[in-house]
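The values are calculated or read from the model by the stated rules, or taken from the named source; none is laboratory data. In this text the structure is predicted, and so the values were computed from the model without any measurement. Using ideal geometry, Cβ is built from the backbone for each residue, glycine included, and neighbour counts are taken over all protein chains shown. All accessible areas refer to the heavy atoms of the entire protein, side chains included, with ligands and DNA or RNA removed. Shrake-Rupley method; radii C 1.70, N 1.55, O 1.52, S 1.80 Å.
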Amino acid sequence: MALYSAAAAVLAGLERGQGGLKSLVYNSGFPRVRQLYALVSETLRYAPVLEKLLDEAALLQAEKKLEPQLAKVLVYDLLFGKGLKCGGRWKALARRHRARLEAELARMKVRHRVSCNEELLAPERAVSAAASQVPRYVRVNTLKTCVGDVIDFFKRQGYAYLGKAASVEELKTLSGKKFMSDLHLPELLVFPSQTDLHDNLLYTSGHIILQDKASCLPAFLLDPVAGSHVIDACAAPGNKTSHLAAILKNKGQIFAFDVDPKRVATMSTLLTRAGVTGCQLAQQDFLTVDPRDPKYSRVTHILLDPSCSGSGMVTRGPGEETAPSAERLQALAGFQRRVLSHALSFPALQRLVYSTCSLHQEENEDVVQAVLQEWGSAFRLVTAFPSWPCRGLAAFSGAESCLRASPAETLTHGFFVAVLERCKDGAAVPR
């Protein structure tokens, strides 16, 4: 029941204007923030349909003690989600009204002349066909297990393993309890999009991480060798940090920073569950970190995934800004340029990955171009993942060395990644 209570509280906070969806989810205190975020996002997406169903079924009139926000969450999971995960009186209540709710849903479909639930949504609320095809990606946490053992575990649970995918198109064919190995990342397994593994033992024990494929690219492309000293500059909620630790085999040192105390607390829990050691987690604005501090004298790799518009996230829901204003983009880009330039000032730095979950050129190619010009010949762009199909926009000469990801072309969230390396005898300060 804690999940549904937390989701109802987030919905109430959104209605009262107490914050955006992400901030309310992270400040909720609920331990499984991704599960909570997904449930609230989908409830919001179906909100007009849910409100009509509640009205037609007279549920709130029949159940005087049931708050509207909690009713929406329960009915969403009952009719559109994976089924109720709670027990007690709320599950009994939902079951009492299930037949009436299902009948009203069926009548609604007849009235609108549609055959599936998704078609009930208004165009602005319905996800695009490409976005709805984004699979469930599962990163095997090699700090605790190996890919072969995880495959065997899922096979024992009744899943059918179809081998390694040969193309993105092949991933689109996944359905039911079938899964494959990803064609690009060796420690990534791919399941149908509606697969819910939040209650699976492998997830709750930290043996697998539920992480979109595009989000796995930054650590994969940074590729520090075991024993390296690495900074994760804007680290929460910690999936990329745990990925770095797995690549390092828990050998070396990770310095992870985030300014938000509740996000840091969430991250600490995630890293502990994932078996991460050798990570110093600090609640600190990365821009205030002194590159000349002897503590960071051996930092050779930096992963920088700064705050951005989030315009590439296909699960974004109401309560999130989907079309940032020009002023908002300008402010974000200014911050991103400052933090990227600051990261390049660490004296021993050899390789840096800059990434965003934004689609906007202002936050991506334009930021990289501006900072490279600021640093002159000290750093250069490296062609990231040459076989990756989506490249950077032609905003400047060499921008094709960057990569992009999108639901339509790569079956992932929208993403941008640039890999920078220090040139030999590169300057330690911008010109």
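Observations on the model:
- Given a 1.4 Å probe and the protein chains as shown, Arg100 ends up with an accessible area of around 120 Å².
- Probing with 1.4 Å while keeping every protein chain in the model, the per residue accessible area of the chain equals 43 Å².
- Accessible area ranking (1.4 Å probe, heavy atoms, ligands and nucleic acids excluded), largest first, for Thr142, Thr412: Thr142, Thr412.
- Inter-part distance where the stretch 8-26 and the stretch 38-70 are each reduced to a Cα centre, Å: 17 Å
- Candidate lysines - alpha carbon under 17 Å from Lys213, same-chain residues fewer than 8 apart omitted: Lys164, Lys172, Lys240
- Within straight-line cross-link reach of Lys52, lysines at Cα separation under 28 Å, skipping those fewer than 8 residues along the same chain: Lys22, Lys64, Lys65, Lys72, Lys82, Lys85, Lys91, Lys109
- Taking only protein heavy atoms and a 1.4 Å probe, the accessible area of the chain is 51% carbon and sulfur.
- Extension gain from Glu56 to Arg98, taking 0.36 nm per residue of separation minus the Cα-Cα distance: 13.8 nm
- Computed FRET value (nearest 0.05) for Lys178 with Ala106, which takes r as the C-beta separation and R₀ as 35 Å: 0.75
- Accessible surface of Leu329 - all protein chains present, 1.4 Å probe, nearest 10 Å²: 20 Å²
- Options Ala57, Cys390, Leu39, ranked by Cα towards positive dipole end of the chain, top entry (Cβ charges): Ala57
- The phi torsions of the stretch 2-14, fed into the Karplus equation with coefficients 6.51, -1.76 and 1.60 and a -60° offset, translate into couplings of 4, 4, 6, 5, 5, 5, 4, 5, 5, 4, 5, x, 4 Hz, rounded to whole numbers, with Gly and Pro shown as x.
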